[in-house]
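The values are calculated or read from the model by the stated rules, or taken from the named source; none is laboratory data. This is a predicted model, so every value here is computed, not measured. So basically every Cβ, Gly included, is an ideal-geometry build from the backbone, and we count neighbours across all protein chains shown.
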Amino acid sequence: MLTRKQSELLEFLVSHAAENNVPPSFDEMRDALGLASKSGVHRLVSGLEERGHIRRLANRARAIEILRPAGAPSLTQAVAAAAEAVTLPLLGRIAAGTPIEALSDPSNHLEVPASMIGSGEHFALEIVGDSMIEAGILDGDTVVIERASSANHGEIVVALINKQEATLKTLLKEPGRIGLEAANPRYETRYFETDAVEVQGKLAGLIRNY
C-alpha cells in the first residue's frame, strides 16, 4: 500500500508524462508536492521504485519509467487506497520505560490506514523509552490503541497506574495482583494491587517514521 505522498507523486508523474512526453525534474516534483527539499522527493521516488511502480534508468536525465507490472494496483487503486484513511486523536506521549504522567490532548490528530484498525474506538500515542524494544516497539514510534477497559493475560496494553501514570506494557494477571512486564531485560516487571491498575486500551497497530 502506498502512502498518501507516494500516491500523489505517482499521479503527478503519470499526468506530467502524458502532457509533456517527458518525466518531471526533481525540482518540479518537489514544487508539485509542496516539499521543502529534494531529499524528500528522492525518498518518495525510491519508495515507488521499491514497490515496482516506476523504474529509474541510469545515466539519463529525467529518466523515470512508469511501470504497470501484472498484478500491481493501478494508479486509481493506489490513490483510492491512500484515501481510505481514518483520523484518530493523538492523545500525547506514553512511556515504554519508567511511567510518565498520563496525557490527554485531543487537539492533535493522526491519519492511519483504515485497514490498520477494526471496529471500536481507537486513539494514538507516541512512545517514549525503550522498555518494549524486544516486542518491536521503539522510542519515537506511534502506537494505535483500541480503547478497552479489560484485556487478557499476555496482551500489550495501555495501563494507568494509580490514576496518574500511564505506561505501555504486557499485562500479567496473577492471583491478587497485576504485573506490568517490559520487553527489555534492563527493566524489571512491576507488580501492583489489582485496583491500582486500570486498562485503558490494547495495542492494535504501530507506525514508524524512518
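Cβ-Cβ under 6 Å, sequence separation 6+ or interchain: first residue in the stretch 38-61 and part of a loop (DSSP other than H, G, I, E, B), partner at pLDDT 80 or above. Which pairs?
Hits for this filter: His53/Leu10.
Could you tell me whether Ser15 is more than 25 Å from Thr87 (Cβ to Cβ) and small (Gly, Ala, Ser)?
yes
Restricting to the stretch 128-165, and then to whatever is under 16 Å from Tyr187 (Cα atoms) and in a strand (DSSP E or B), can you tell me which residue is nearest to the chain's Cα centre (by Cα)? Even if it seems obvious, please write down each step before you answer.
Step one: of the stretch 128-165, the residues under 16 Å from Tyr187 (Cα atoms) are 128-139, 156.
Going one step further and asking which of them are in a strand (DSSP E or B), we end up with 128, 156.
Values: Val128: 15, Ile156: 17 Å.
Looking at the filtered set, the residue picked out is Val128.
I'm trying to understand the selection: among the residues of the stretch 174-206, which are surrounded by fewer than 15 Cβ atoms within 10 Å (Cβ to Cβ) and assigned to a strand (DSSP E or B)?
Glu174, Arg177, Phe192, Glu193, listed by residue number.
Has the stretch 126-145 got any residue that is of a type outside the set (Gly, Ala, Ser), buried (at least 16 other Cβ atoms within 10 Å of the Cβ) and over 30 Å from Gly40 (Cβ atoms)?
Within the stretch 126-145, not a single residue is of a type outside the set (Gly, Ala, Ser), buried (at least 16 other Cβ atoms within 10 Å of the Cβ) and over 30 Å from Gly40 (Cβ atoms).
Those residues that are under 14 Å from Val22 (Cβ atoms), exposed (fewer than 13 other Cβ atoms within 10 Å of the Cβ) and either at pLDDT 80 or above or not small (Gly, Ala, Ser) (or both), I need them from the stretch 44-64; list them, please.
Leu57, Arg60
Quickly run through the stretch 10-34 and pick out the residues that are touching a residue at least 12 places away in the same chain (Cβ under 8 Å) and either more than 17 Å from Arg56 (Cα to Cα) or not hydrophobic (A, V, I, L, M, F, W, C) (or both).
Glu11, His16, Pro23, Pro24, Ser25, Glu28, Ala32, Leu33, listed by residue number.
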